[in-house]
Amino acid sequence: MDRFFTFVGGSAGPWKVTTKTDVAGDGLPAVDRLDIVSSAQPFVPELAAVTWCLRGVVSNERYVTRSEKAALMAVQPPLGRAEASCAAFIALSKSPEWWGLTQDERRAILETQSRHIATGLNYLPAVARRLHHSRDLGGAFDFLTWFEFAPSDAAAFDQLVGELRRTEEWKYVIRECDLRLIRSSDS
């Protein structure tokens, strides 16, 4: 499995940006397109087509229990499904207070109080997702999240994100940018 990904915002790529919402803190410069490059090698973009690059790595799942992981794996669809022509790219960072907590304290907020994993399970298999860690890579954001879904599931995805943003966990989010996209054949 590829672990390193670069999200390239600019004027080229298979994903056309339909909306950009700066939810919290400084957003990202507006772009028309998004490309996703999978490579362990540093990505060297064609500068004329690039406004920003964000790099992340797929890592071990840090806050799930064995039973939660099994439940997720049982219903998590793969990325790249033909019917999933809609996507969301959500980049976010959490506060120094969040990172000052221990792993078990963060787990308690994430799942015991906020029910992040349980809430996400309610929307599977409609939504495919992949989490990328970028904090330890020195990235501009802590997490880069990628979601794919069919147009008929767009309202459900909005509901999922709305539920998560009302939780205790989201009180620790200090920067968040949400791009909605459609797969385009004219890239």
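The values are calculated or read from the model by the stated rules, or taken from the named source; none is laboratory data. Fair warning: this is a prediction, and the values are worked out from it, not measured in the lab. Note that each Cβ is placed from the backbone with ideal geometry, even for glycine, and that neighbours are counted across all protein chains shown.
Things to note:
- Looking only at segment 136-187, and only at residues there that are modelled with pLDDT under 95 and among the hydrophobic types (A, V, I, L, M, F, W, C), the one that is farthest from the chain's Cα centre (by Cα): L137
- Qualifying residue in segment 91-107 (condition: modelled with pLDDT of 90 or more, of a type in the set (V, I, T) and within 17 Å of the chain's Cα centre (by Cα)): no
- Any hit, segment 174-184, residues being more than 30 Å from A12 (Cβ to Cβ) and not acidic (D, E): yes
- Any hit, segment 57-65, residues being farther than 20 Å from S184 by Cβ, in contact with a helix residue (DSSP H, G or I) (Cβ under 9 Å, 6 or more places away or on another chain), part of a strand (DSSP E or B) and among the basic types (K, R): no
- Considering residues of segment 28-44 that are modelled with pLDDT of 95 or more and part of a loop (DSSP other than H, G, I, E, B) only, the residue nearest to R183 (Cα to Cα): D32
- Those residues of segment 77-101 which are farther than 25 Å from D22 by Cβ and free of Cβ contacts under 8 Å to residues at least 40 places away in the same chain, in sequence order: A82, G100, L101
- Yes/no for A156 being on the phi < 0 side of the Ramachandran plot and either among the hydroxyl-bearing types (S, T, Y) or without any contact (Cβ under 8 Å) to a residue 40 or more places away in the chain (or both): yes
- Candidates are the residues of segment 97-132 that are aromatic (F, W, Y) and part of a helix (DSSP H, G or I); the one that is surrounded by the fewest Cβ atoms within 10 Å (Cβ to Cβ) is W99.
- Remark: pairs (first residue in segment 166-178, assigned to a loop (DSSP other than H, G, I, E, B); second residue at pLDDT 95 or above; Cβ separation under 8 Å; 6+ apart in sequence or on different chains) = E168/I109.
- Among the residues making up segment 115-144, those that are among the charged types (D, E, K, R) and within 18 Å of L79 (Cα to Cα) are R129, R130.
- Number of positions in segment 69-87 that are in a loop (DSSP other than H, G, I, E, B), of a type in the set (G, A, S) and surrounded by 11 or more Cβ atoms within 10 Å (Cβ to Cβ): 2
- Selection within segment 7-27 - buried (at least 19 other Cβ atoms within 10 Å of the Cβ) and part of a strand (DSSP E or B): F7, V8, G9, G10, W15, V17
- Residue in segment 49-60 that is farther than 24 Å from V173 by Cβ and either touching an Asp or Glu at 6+ places or on another chain (Cβ under 7 Å) or among the aliphatic types (A, V, I, L, M) (or both) present: yes
- Any chance L54 is in a strand (DSSP E or B), buried (at least 16 other Cβ atoms within 10 Å of the Cβ) and within 15 Å of the chain's Cα centre (by Cα): yes
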